[in-house]
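Beneath this line is the structure, given in structure tokens, with notes to follow.
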Amino acid sequence: DAARQAAELRKTVTLELPPNLELQLWASDELIVDPVALEFDSRGTLYATSTSRNNMPLDIRDHPTWVPVVHTLKTVADLRAFYQKELAPERSASNRWLPDLNQDGSHDIRDLRELKERLYRIEDTNGDGVADSSRIMIEGFNADPAYDIAGALLYHDGDLLISSAPGVWRLEDDNNDGMIDRQVVISEGYNTHPAFGGHGVSGLIRGPDGRIYWEVGDIGLDVIDRTGKRWSYPNQGAVMRSEPDGSNFEVFATGIRNLQEFSFDEYGNLISVDNDGDHQGETERLVYIPEGSDSGWRSNWQYGKYTDPKNNRYNVWMDEQMFKPRFAGQAAHIVPPVAAYHSGPSGMVYNPGTALSDEWKNYFFVSSFPGAAAGARIYGFK
């Protein structure tokens, strides 16, 4: 049935493909709903996160009156306190924009606990090339309003690492029954203020040094590592790394807006694509991210246009042209982008030569979603 359905659905989709490439449906939406991050293990089992927050009501664009307050917040605890006050049950009448998800007659902070993330295990059990089995291994990541989309997965030594602000977690299946028995946090402190939806923690990948790398968008971070050192970047995104157990943590690079994912090339260079701030004349950016670099973005550069048009004549990001590749006279403290890029970059992977044909060796692949399916693309570049 799964194979028949896949063949039928494929006929309904019109796509542009390069010569000698084919596209097949492997798992239909009967097996997974709203997938975000994908990861295969060595046996060909697919693990996928799934979100109920794809239309999360806390996107800052819907709440311009919050902006002057939330961008003074410095920690996840500050954010929790803000939501507890702003979304208190006694304010239900003024918060009808928040759906009454728990059906208790009140529009308040308790409704956000109904927004859950899921982890699916999807398999092709008969080896015919089409997935036919699906089960939910864990559902949750909804303890409080600081939780966000489960944006990344990494299979590591029999366990799964998953990112869902405010933390990065190791998920363990102790009895090998296909269900998650334990969640162990390896790093936490992400999400210090509301931002655009989808600017959470993502991009889990193992680096050439054997350490684990991930990124957070400009929801910011305030992390206290295991030595007691504080890493505070509340108004920008960053790339982090640590040992697989969370030790030896450090912030690798800063000044990021919303990378989603990144990849290492065969020389160990970290390459990504960063989303623009939707300012007139700005573009997305292909970025090189060396250790210790600052790409220049601050969430402060984003929000003036939503609150005070009379006091928005000067925007550092735009007027200093920090979004452009290097030019004479540009700010010297940032690592500027390599080139402008296509709209809506999100998923990214590098092919060192183990996928497709030799024609596609050493290509980066980036999915691009500018807002509608008709404009969605996967681009390849060297």
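Connecting C-alpha atoms closer than 10 Å in a GNM of the chain, tell me which of Asn95, Asn20, Asn362 has the biggest fluctuation.
Looking only at Asn95, Asn20, Asn362, the biggest GNM fluctuation is shown by Asn20.
Please report, in debye to the nearest 20, how large the charge dipole of the chain is about its Cα centre when each Lys and Arg carries +1 at its beta carbon and each Asp and Glu carries -1 there.
On the way: 36 positive and 58 negative charges, 259 e Å.
Charge dipole of the chain: 1240 debye, to the nearest 20.
Residues in the range 337-363 near a label at Asn269, defined as backbone nitrogen under 17 Å from the 7 Å Cα→Cβ point?
It comes to 337-341, 349-353, 361-363, nothing else.
Which shape class, rounded, prolate or oblate, goes with the range 300-382 when its Cα gyration tensor gives a ≥ b ≥ c as root eigenvalues, a/c under 1.5 marks rounded, and past that a/b bigger than b/c marks prolate? Before the final figure, lay out the partial values.
Numbers: a/c = 3.99, a/b = 1.77, b/c = 2.26.
Cα axes put the range 300-382 in the oblate bin.
How much area per residue is accessible in the range 1-90 when the probe is 1.4 Å and only protein heavy atoms are counted (Å²)?
On the way: 5680 Å² over 90 residues.
Averaged over the residues of the range 1-90, the accessible area is 63 Å².
If R0 is 30 Å, what FRET efficiency do you get for Arg10 and Trp360 from their C-beta distance, rounded to 0.05?
Details: r = 22 Å, r/R0 = 0.72.
After rounding to 0.05, the efficiency reads 0.90.
Quick one: the Cα spread of the range 193-267 along its three principal axes, in angstroms, biggest first?
32, 31, 17
Could you compute Rg(Cα) / (2.2 N^0.38 Å) for the chain, with N its residue count?
Details: Rg = 21.2 Å, N = 382, 2.2 N^0.38 = 21.1 Å.
Normalised Rg, Cα atoms only: 1.00.
Under 10 Å from the Cβ of Arg110, count the other residues' Cβ atoms, weight Lys and Arg +1, Asp and Glu -1, and hand me the total.
Details: positive: Arg113; negative: Asp100, Asp104, Asp108, Asp111, Glu114.
So the surrounding residues net to -4.
Expressed in nm to one decimal, what extension gain is obtained for the pair Asp62 and Asn102 from 0.36 nm per residue of sequence separation less their Cα-Cα distance?
On the way: separation 40, 0.36 × 40 = 14.40 nm, distance 2.16 nm.
Between Asp62 and Asn102, full extension yields 12.2 nm more.
What number, in percent, do you get for the relative contact order of the chain if the mean sequence gap of Cα pairs under 8 Å and at least 6 apart is divided by its residue count? Walk me through the numbers on the way to the answer.
Working: 859 pairs, mean separation 39.5, N = 382.
Over the chain, the number comes to 10 percent.
Per residue of the chain, what 222 nm ellipticity follows from adding -39500 (n - 2.57) for every DSSP H run with n ≥ 4, rounded to the nearest 500? Each step should come with its number before you reach the end.
Numbers: 5 runs with 33 residues, N = 382.
After summing the helix terms and dividing by the residues of the chain, the value is -2000 deg cm²/dmol.
Could you tell me which of Pro244, Ser187, Gly217 has its Cα farthest along the dipole of the range 170-264 towards the positive end, charges placed at Cβ (Lys, Arg +1; Asp, Glu -1), taken about the Cα centre?
The residue sitting most towards the positive pole is Gly217.
If you roll a 1.4 Å probe over the heavy atoms of the protein chains, what accessible area per residue do you get for the range 206-307, in Å²? The partial results should precede the final answer.
Numbers: 3650 Å² over 102 residues.
Value returned for the range 206-307: 36 Å² of accessible area per residue.
Can you give the FRET efficiency to the nearest 0.05 for Asp157 and Phe369, using r as the Cβ-Cβ distance and R₀ = 41 Å?
Working: r = 32 Å, r/R0 = 0.79.
Working from the Cβ atoms, E equals 0.80.
Using the Cα centre as the reference, give the magnitude of the dipole from point charges on the C-beta atoms of the range 28-71 (Lys, Arg: +1; Asp, Glu: -1; all else neutral), rounded to the nearest 20 debye.
Result for the range 28-71 is approximately 180 debye, rounded to the nearest 20.
Just grab the label-to-label distance for Ser343 and Glu22, each label 7 Å out from Cα along the Cβ direction, in nm (one decimal).
3.4 nm
In percent, how large is the relative contact order of the range 37-170, given Cα pairs closer than 8 Å and 6 or more residues apart? Before the final figure, lay out the partial values.
Details: 214 pairs, mean separation 35.2, N = 134.
This gives 26 percent for the range 37-170.
Using amide H atoms built 1.01 Å from N in the peptide plane, name the residues 5+ places from Ser293, or on other chains, whose amide H lies under 5 Å from its own.
Result for Ser293 returns Thr254.
The values are calculated or read from the model by the stated rules, or taken from the named source; none is laboratory data. Here the structure is a predicted model, which is why all the values come from computation and not from measurement. Neighbour counts are summed over all protein chains in view; Cβ atoms, including those assigned to glycine, are modelled from backbone coordinates with ideal geometry. What goes into the accessible areas is simple: the full protein's heavy atoms, side chains included, and nothing from ligands, DNA or RNA. Shrake-Rupley method; radii C 1.70, N 1.55, O 1.52, S 1.80 Å.
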